[in-house]
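These notes concern the structure reproduced below.
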Amino acid sequence: MLKVVKFGGSSLADAKQFKKVADIIKADKDRRYVVPSAPGTRFDGDIKVTDMLIALYELAAKGEELDEQLAKIKERYDDIIKGLKIKDFNLDDEFAAIKAELEYNPTCDFAASRGEYLNGLIMAKYLGFEFVDPKEIIFFNEEHGLNTYKTEKKVDERLKNIEYAVIPGFYGSDKLGQIMTFSRGGSDITGSIVAAALKADVYENWTDVSGFLAADPRIVDNPVGIDMITYRELRELSYMGASVLHEDAIFPVRSVGIPINIKNTNKPEDKGTWIVESTGHKPEYVITGIAGKKGFCAVSITKALMNSEIGFGRKVLQAFEENDISFEHMPSGIDTMTVVVHADEFIPKEQKVVSAIHRLTEPDAVEIETDLALIAVVGRAMRSQRGTAGRIFASLSHANVNVRMIDQGSSELNVIIGVENKDFENAIKAIYDIFVTTKL
């Protein structure tokens, strides 16, 4: 079996955590390719190394002196090396090269990427694995997207003859050879890319929690864990704010059917959460999870006989497109159409959008509702369970929560509910209670 294993910043924040990671890797000879993040926070109030590096770039961009900030960053790595008791190894030359590059050609992507790069060097030395720079195997196109074909080819060519390797996460290079990064949390994507290119059996993603929970623990006390979840369910929950794995990390492994196992570095014995393409595993509860976000607006357009007017929906969306506003959901009726958008994007441009809607569609009325929160109730078992929507509404009614919008996709995998911002937490608690706590 071949496993690609990625470790997050909290798993590699100091020497003590490094030792835990090494023990996990050595406990399974199939864990052959390791993707490390940059050191995360060690305690409350601590600063992530990536944030320290971005601050370093900001100094370089202003032409200011770098030595003091560099020394603080180097101290973090020196402490790790010292704690691991690695002999005849230091990062002096690497920090000199970082300083020279930032003084000559400061870029934020280069600075931010050095956290993973340096951690990768330490991990490779500590484990006795070969170090592979992702600059040489992961490539971006001109649109800042992944050059999938070239990347998969290079990863396979470079790693197929290496039994054990460390490949830092988060970055690659553009067509000119310049460092380019993924969005924050992008080490998850690197691990997924490597796993897909090597046709790994499993992609293990190690972090500081034992997988996904059925609800936000800041809202629901001690929510149950999710043993198994499909890619599609995860996409729905991640989109609505459930964040353990970078949502773009799903796509490379999904295309080749590789399962992801979310594991806890501090509790390696925990089963964690399995993320799979499809499963016959029967879930314990009707719903897999609940997630949501606050801060939406609903723009409702009313026009008699709009259903018979060809191109009406396109014209409505054109009004939003002209003002660079993306939409989240679009429930509709015979003579009404509602477009749900993020309030912070829409409010500054609301009158421009309303004017454009009138110009393009000549509606009878346009109404705007604010202070809207969206909640996604997700579960593959919902498709075969009668009365799910009824139980959702019953739970919200019992909690005195007024439903302002409902939208269900054709897959019947999820139900989106709109409530007032002030009812957001109570709504999630009520839904969780009826499906999980009381298991009705």
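What to note about this one:
This table checks each residue for (1) open to solvent by 20 Å² or more (accessible area, probe 1.4 Å); (2) of a type in the set (Val, Ile, Thr); (3) within 29 Å of the chain's Cα centre (by Cα).
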| position | (1), (2), (3) |
| --- | --- |
| Gly272 | no, no, yes |
| Lys303 | yes, no, no |
| Val340 | no, yes, yes |
| Ala356 | no, no, no |
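- Among the residues making up region 1-22, those that are assigned to a helix (DSSP H, G or I) and open to solvent by 30 Å² or more (accessible area, probe 1.4 Å) are Ser10, Lys16, Lys19, Lys20.
- Sole residue being under 21 Å from Ile189 (Cβ atoms) and surrounded by fewer than 18 Cβ atoms within 10 Å (Cβ to Cβ), chosen from Ile25, Ile54: Ile54
- Answer residue from region 156-173, given it is in contact with a helix residue (DSSP H, G or I) (Cβ under 6 Å, 6 or more places away or on another chain) and free of Cβ contacts under 8 Å to residues at least 60 places away in the same chain and is farthest from Ala200 (Cα to Cα) among those: Ser173
- Beta carbons closer than 6 Å, at least 6 apart along the sequence or on distinct chains, pair a first residue in region 197-212 that is among the charged types (D, E, K, R) with a second that is assigned to a strand (DSSP E or B) for Glu204/Lys3; Glu204/Val5; Glu204/Asn261; Glu204/Lys263.
- Scoring Phe251 on the criteria (1) touching a residue at least 24 places away in the same chain (Cβ under 8 Å); (2) assigned to a loop (DSSP other than H, G, I, E, B); (3) open to solvent by 30 Å² or more (accessible area, probe 1.4 Å) leaves a single failure, condition (2).
- The residue list Val202, Val244 contains one member that is more than 15 Å from the chain's Cα centre (by Cα) and either under 26 Å from Pro39 (Cα atoms) or open to solvent by 10 Å² or more (accessible area, probe 1.4 Å) (or both), which is Val202.
- The criterion of being farther than 24 Å from Tyr239 by Cα, modelled with pLDDT of 95 or more and part of a strand (DSSP E or B) holds for Ile301.
- Looking only at residues of region 28-51 that are aliphatic (A, V, I, L, M) and buried (at least 22 other Cβ atoms within 10 Å of the Cβ), we find that the one that is farthest from Gly185 (Cα to Cα) is Val34.
- When residues in region 254-265 are screened for being part of a loop (DSSP other than H, G, I, E, B) and either touching a Pro at 6+ places or on another chain (Cβ under 7 Å) or in contact (Cβ under 8 Å) with a residue 60 or more places away in the chain (or both), 3 of them pass.
- Evaluation of Ile434 against (1) touching a helix residue (DSSP H, G or I) at 6+ places or on another chain (Cβ under 9 Å); (2) at positive phi (one fails), failing number: (2)
Here's the yes/no breakdown for (1) in contact with a Leu (Cβ under 6 Å, 6 or more places away or on another chain); (2) outside any helix (DSSP H, G or I); (3) under 19 Å from Thr50 (Cα atoms):
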site: Lys82; (1), (2), (3): no, no, no
site: Ile86; (1), (2), (3): no, yes, no
site: Asn90; (1), (2), (3): no, yes, no
site: Ala97; (1), (2), (3): no, no, yes
site: Ala112; (1), (2), (3): yes, no, yes
site: Glu143; (1), (2), (3): no, yes, no
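- Any hit, region 283-294, residues being out of contact with any helix residue (DSSP H, G or I) (no Cβ under 9 Å at 6 or more places or on another chain), closer than 21 Å to Tyr239 by Cα, open to solvent by less than 30 Å² (accessible area, probe 1.4 Å) and not β-branched (Val, Ile, Thr): no
- For region 266-292, the tally of residues that are assigned to a loop (DSSP other than H, G, I, E, B) and either of a type outside the set (Gly, Ala, Ser) or at pLDDT below 95 (or both) stands at 18.
The values are calculated or read from the model by the stated rules, or taken from the named source; none is laboratory data. Note that the structure is a prediction, hence the values are computed from the model and not measured. With ideal geometry, Cβ positions are generated from the backbone for all residues, glycine too; neighbour counts draw on all protein chains shown. What goes into the accessible areas is simple: the full protein's heavy atoms, side chains included, and nothing from ligands, DNA or RNA. Shrake-Rupley method; radii C 1.70, N 1.55, O 1.52, S 1.80 Å.
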